[in-house]
Amino acid sequence: MDEGFERWAKAYGVTPANSPKRACELLGCGHDYFYKLVKLGKITIKKMGAKSVVTGENIYQVLRELPEADRAA
């Protein structure tokens, strides 16, 4: 991954495998919106045994793909 990811991961304590709850915290979204992103295919939940995880790279990718906000004149 790129240097920006490395800096971001270090700054926010992102691990290679993050819980859905931690992913919500990092994305600044709620449970419902998080699972909407899953349904849209933007977030991929992986299984580590019985535990659901989201990769740090996937979370970073979602943040990078967010559209810019409209600027008020």
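FYI, it's all coordinate maths here, none of it is from the lab. Please read all numbers here as calculations on a predicted model, not as lab measurements. Counting neighbours? That spans all protein chains shown, and the Cβs are built from the backbone with ideal geometry, glycine included.
Treating r as the C-beta distance of GLU6 and LEU40 and R0 as 30 Å, the FRET efficiency rounds to 0.65. Spin-label pair ASP32-LYS51: with each label point 7 Å from Cα along the Cα-Cβ axis, the two points sit 2.9 nm from one another.
Quote the FRET efficiency, to the nearest 0.05, computed for GLU68 versus GLU25 with a Förster distance R0 of 22 Å and r equal to the Cβ-Cβ distance. Don't jump to the answer; show the numbers that get you there.
Numbers: r = 23 Å, r/R0 = 1.03.
Step by step, r from the Cβ atoms, then E = 0.45.
Give, rounded to the nearest 20 debye, the magnitude of the charge dipole that region 3-64 has about its Cα centre when Lys and Arg contribute +1 at Cβ and Asp and Glu contribute -1 at Cβ.
200 debye
Using the Cβ atoms and a cut-off under 10 Å, what net charge is assigned to the surroundings of ALA17, where Lys and Arg are +1 and Asp and Glu are -1?
That sum, taken over residues with Cβ under 10 Å, equals +3.
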